[in-house]
Amino acid sequence: MANRRLIVDVVAAAAIKVASVSVLLVILGMFAQIAITALPLFESPSISIGTLSTTRTGPAADLRVSQDSVANDVGSLPGFVDDHRLGVSNIHPAVAPEPTKGSWLDVRDTIIEQLHLKAGSDGLAPSVITRYFIPAGIQAMSSISLSRHFVVLDRAGVIHVYRLGRSQARATFKEPVEVSGINRVGWLDENTFALYSHEQQPLVRSVKALTNTLSLADLFSFRQYEGYPLPTLTWQPRVVDGAESKYSLVPLLWGTMSAALFSLMLALPVALGAAIYVGYYMPPVFREAIKPMIEMIAAFPGVVIAGIAMLWLAPRLQYALAEFIGIVLTVPIIVALSGLFLNRYFQTKPGRHFSKRLPMVVLLVLAIAIYSGAKLGEGVEGLFFEGSVVLWLEHYYGLSVSYFNGVLVGIALGIAVFPTIFSLAEEAIFATPKGAATGSLALGASQWQSFIDGVLPIAAPGIVAAIMLGLSRAIGETMILLLLSGNTPIQSSSPLEGMRSVAATLAIELPEAAVDSTHYRVLFFSALALFVLTFFINTCAQLLRRRWRRRYGVAA
Amino acid sequence: MRSDTLSDLQGEESAFATGAVRRAGVMLWLTSGMAVSAVVLLIGMLCLLSWLAFAGGAFGAEAGQLPGALEVLSQGQSPYTAEALFSAVVGTITVTLLMTLVVAPLGILVAVYLHVYAGEHWYTDLVRIGIHNLAGVPSIIYGVFGLGFFVYWVGGGVDEWFFSNSLPRATFGTPGILWAAITLALLTLPTVIVSVEEGLLRLPASLREGSFALGATRFETVVGVLLPATMTSVVTGVILAVARATGEVAPLMLVGVVKYAPSLPVSVQAPFIHLEQKFMHLGYLVYDLTLHAPAGDGRIALIAVVALSLVLVTMSLTTFAAVLRGRFRYQYAQEGLL
Amino acid sequence: MKNRSARRLVVVLATCLFASMSAQGAATLSIVGSDTMSRLVTAWGDAFRAARPDITIEIQVSGSAAAPPALTQQVANFGVMSRPFSNNELMDFSRTRGFLPQGFIVARDSLAVIANHQNPADSISLEDLDRIFSIGRLCSGRSAVTTWRELVDQGIAESGAPPITGRINPLGRTAVSGSYGFFKSNVLCGGDFHSRVVELPGFAAIIRTVEADPNAIGYVGSSFVESSVKVLALQEPNKDASTDMSGKAARRDLSPLTRDLYLYLTLAPGELPSASECAFLRFVASKQGQDILIESGFMHGDDSLSEGLRVSCG
């Protein structure tokens, strides 16, 4: 008998371990997929020697390396100011590549300058973006490839591969090449180029990992882009030809974090306050009715909140900002004040809890408070802000107020994360042992004091878990951000302007990005960056929880 | 063995019944105000949705002149018909139930493993942090992962082993309701795990130790003592999971939802649940309508009625779960487990 | 509870194994691509379903950029786009499949610039659009404009309506939209949109926002224009007379922002379209299909479709 139970125990333990570990492995697989997709972005290119075969297998057109086709110049580019214009490509002849429309190269013997047209006070004028220095002098140079790279062979025989926008060479083949007679360099495809001279066979070099590569600086620092007046942090991936892709992740990460912040600012007080009331103050007999009712807010999915907010709330909020601020500021004050004055009417009898009438009275007070808060906001707006806060701010402070702004996102996202925080925090508070509070109550402390000193330390780990889950939900929420944030990567600290979050960007762009392209990889990297960011936050939270558990812990 | 939580109070007996007369404090009012405003918010949102759906709403045009949702639905402009709505309701309920079937056992399993079997090391902490992080990954990544891993790899494998007759037309190697349910389960797994683990952590040590002292094996303790005691946390986790899953549209778009599906995923012909079919989903319809609504005046009403159906479906599922939770609480309180 | 779910699990697994019994007979045509054409394609799909109930049409419209990858990976039968394939997309396609996709101009429409009814302006120049929407102002070369007051000062309001002085709220589509690309090439001269230009995922969202916000200005396909918004006439820089964009005039070939709308399909050299594809294309080219096109607010395409049909489908 005992043996059978032991066998069951051992088998069950093994099964549980195997099953859990496999689930965790699947989760790990997901993270691994993100990392594996994103990290090749930073591979550094290297040049190697390749051999040229005169037949190319595969669907692309045959490569013709005769001197005639070398002169055919299939890959010529508009605006190339130089006579080293050559490109040989095996791309279908109907397709003319245009890697850059926004800038051109001005080539002199030892310096190449990348120029673009910049809009100034008197129209468009050329301006330098990048300078490339080739001290040994240029022997031969290629055209600009579709990945916006070009190859320079200098007179010392060193091959440099440059990218538009970056003055440092991306790759260098240092073993000198015999330069005499080489007068042309041509791209065979995006990664392979050949050095030609009249008599000999072309010397083929290929560059590994040239196309899908960026650096961390491209993703996180200020960059001067073609056609822009100043260096910026911009997110605008190229979708149509000729445009340079801008992949700065800073606006996206900033937008995600500010959306989460605004939503927590609105949701945390309400969720925690409600959790404390339902879990601590309220007679437990009502809990079975009230708690599900509040949890019903979770039944409004993010997409519904987003749709209704966009169609109903947004048109009204733009006129009601002052009223909203009035409500948010005055309601807590009025409710608290009414508590001070009215609480004498709500006293306990020994052994009984507060009158059931209390929530009704609070409801009434709330209604009055909201109404007066709105009217107060309106009044203040009329008196001090010339009738419209929005115009006043724009006129005197140059602050712009957008239609899709952080307040709108904060309200909608706050409603979305509220149930998560409420449910878990309330459970944490409700499950604390009675003795935590009764001790200090017996000694004459007020209820709130007993809560802070007795219940809160024990419930704190659970409350922190609730907040962390709510924060995670706010960071990962897609629909609300997609429809209500305006998707403007402007990186503003004002709640009156819009933002662009990583999740919304992924939802917009990921389904259409070509698999394994730079864009695709950058999108995955943005998810990875978000993951790393939240990892730090969650680690701090977990450490806090462990510490509190150890100090005030109830269970082992 | 009774544990001394606030939860085992009966009726109007109060934790604060210490014999002294107390006045309602300011914080009581404030927190009560928060709770009341939450309830007001809920009722307000429901009323708003219903009003928009059936009264036409006011969107710049004169209220009362816009047709309500019922009229628009009866006009039958495809795919916004009553049949499509019904099909979407069925699809939503089916995928949510399937997801619950997957996420509840798995969530319990992982939480129990972490709490009982794994011990407290730095790497288990790392796993916990990882699970919390999982909740913050944008939902469309789950869609991409679900597509690559479940649909193409696992589904492709299933096709090769079981349905090689139908190849090259994919049966399971293509998006469908099964993969959508599993993807949603992965999405909501952290919620369930966190909730269950928190519940387990709140149990007094005496419960576990007492069970061991009486000679129960670890497995028996888990199944007979710990899990029943945390049933409420499990159900809370499932409630939150269901609520999140019904609203996630982005991953579903990649793994099996279509704008118009000619057949239901459940039907009276064997095998009754067609796991490989694509399906319609109310959340996706709301998203689609918000962005691509047909011209005409009934558009807002249409969006509102679809949204209302989604909310009602979610509410019924979560109410069912909450009632279940209440009965667990009652049942196990009666048995003296709490 | 555990027993119940265990039993359910077993049932589910068992049904998995028998799932091959379910029927999935009908032929399916999948159309992916542009939101501009979404209503048109949906209308065609409905009418076609009535005529040929044995063929199921699946439609997914998110933006023109969705079509090339879908066609390249053979996930869709047809791609509808409000712009032609870009060179990069052609290259990707030809590299993967070895030939080029076949495109027909099935319709034409124009991009309409819309504003709220409270906006006093009736017309706007392409230059001003560049100044509002772009970051580099490569088309106009002049300074940026952020508030309506600046435009009003420069004479945009002709009617006696009260001027609006707020900050301009420029609305556009997301980058996957062909209309985004079209606006970028034709109005911004290839320059980039400013970061404060709002990106909305669908034309209906733009219409809703313009309806509600007096400071808003946006571009939509002309077939989406409703009476709740005002269409601004476009002044071209070299002409004096504005081209009136409202109502029927928007559909005539007068606007500087008229564009061709494409239908692409993939046909290897020597291959013919399938029977259901031919049926759909024939329907599109038929009188019924063309009537639907006009009713939806578009203009006729060119002969390429009829020619292609004659050659491929007989």
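What follows is calculated from the coordinates using simple rules that are stated; it is not laboratory data. Bear in mind the structure is a predicted one, so any value in this text is a computation, not a measurement. For neighbour counting, all protein chains shown are included, and Cβ atoms are generated from backbone atoms with ideal geometry for every residue, glycine included.
Could you sort the peptides B:27-36, C:293-302 by per-residue average Cβ neighbour count (10 Å cutoff), highest mean leading?
Result, highest mean Cβ count within 10 Å first: B:27-36, C:293-302.
So, counting K/R as plus one and D/E as minus one, what does the shell of residues with Cβ under 15 Å around A:V304 add up to?
Spelling it out: positives minus negatives among the neighbours equals -2.
Please list B:83-95, B:135-147, A:441-453, C:272-284 highest first by mean number of surrounding beta-carbon atoms within 10 Å per residue.
B:135-147, B:83-95, C:272-284, A:441-453
Over all residues in A:426-432, what is the mean tally of Cβ atoms on other chains that come within 10 Å of each residue's Cβ?
6
Could you tell me which of the pairs C:K184/C:K230; B:K259/C:K287; A:K118/A:K174 are separated by over 30 angstrom between their Cα atoms in the structure shown?
Over 30 Å apart, Cα to Cα: A:K118/A:K174.
Per residue of B:100-106, what is the mean number of Cβ atoms on other protein chains within 10 angstrom of that residue's Cβ?
That average works out to 3.
Just in segment A:382-447: which chymotrypsin sites (Phe, Trp or Tyr not before Pro) are loop by DSSP and have at most 14 other Cβ atoms within 10 Å?
The qualifying sites: there are none.
What is the sum of charges around B:F212, taking Lys and Arg as +1, Asp and Glu as -1, for the other residues whose C-beta is under 11 Å from the C-beta of B:F212?
0
Shielding by partners for A:13-24, please: the mean number of other protein chain Cβ atoms within 10 Å of each residue's Cβ.
Per residue, the average neighbour count from other chains is 5.
Need one word for segment A:252-551: rounded, prolate or oblate. Basis is the Cα gyration tensor (sqrt eigenvalues a ≥ b ≥ c); a/c below 1.5 gives rounded, then a/b vs b/c decides.
Note, shape of segment A:252-551 comes out oblate.
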